[in-house]
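The values are calculated or read from the model by the stated rules, or taken from the named source; none is laboratory data. All of these numbers come straight from a predicted model, not from anything done at the bench. So basically every Cβ, Gly included, is an ideal-geometry build from the backbone, and we count neighbours across all protein chains shown.
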Amino acid sequence: MFDTLMKLDKDREVLDFYATDKRATKELLTRENFRETIYETACGQGHIGKVLEEYGYRVKAEDICYRGYGSEREVDFLQLRKIP
């Protein structure tokens, strides 16, 4: 992850798309519990959201560009004033 943060702009993935390994999400779920719908603000191809759904969570998923998972509505969550 540190390597990702240190990349020059020209070396970064388009729109900073870096998929999260599902093992990381599974490990998170051994330590945290969530109650309501989870808003996945940078859902990409669903690497996090799909695991959350497998564990029974409801997921509202959006991203700055549609990559085949979640809402087709393209949203930059940094520009949101309120969580939908």
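Evaluate the following for VAL59: is it surrounded by 11 or more Cβ atoms within 10 Å (Cβ to Cβ), without any contact (Cβ under 8 Å) to a residue 40 or more places away in the chain and touching a Leu at 6+ places or on another chain (Cβ under 9 Å)? Spelling it out, VAL59 is indeed surrounded by 11 or more Cβ atoms within 10 Å (Cβ to Cβ), without any contact (Cβ under 8 Å) to a residue 40 or more places away in the chain and touching a Leu at 6+ places or on another chain (Cβ under 9 Å). Among the residues of the range 21-67, the ones that are of a type in the set (Ser, Thr, Tyr), modelled with pLDDT under 95 and over 19 Å from LEU78 (Cα atoms) come to 1 in all. Of the residues making up the range 73-84, just one is part of a loop (DSSP other than H, G, I, E, B), surrounded by fewer than 10 Cβ atoms within 10 Å (Cβ to Cβ) and not basic (Lys, Arg), namely ILE83. Every listed requirement among (1) assigned to a helix (DSSP H, G or I); (2) at pLDDT 95 or above; (3) closer than 25 Å to PRO84 by Cα is met by LEU15 save one, (2). Criterion applied to TYR39, TYR69 was being surrounded by fewer than 17 Cβ atoms within 10 Å (Cβ to Cβ), among the hydroxyl-bearing types (Ser, Thr, Tyr) and under 16 Å from THR20 (Cβ atoms), and the one residue passing it is TYR39. Within the range 23-52, residues that are at positive phi sit with their Cβ atoms under 8 Å from residues that are among the aliphatic types (A, V, I, L, M), at 6+ positions apart or across chains, in these pairs: GLY44/ALA19; GLY46/ALA61. Consider the range 41-61 and keep the residues that are part of a loop (DSSP other than H, G, I, E, B), small (Gly, Ala, Ser) and touching a Gly at 6+ places or on another chain (Cβ under 9 Å). The one that is farthest from ARG81 (Cα to Cα) is GLY46.
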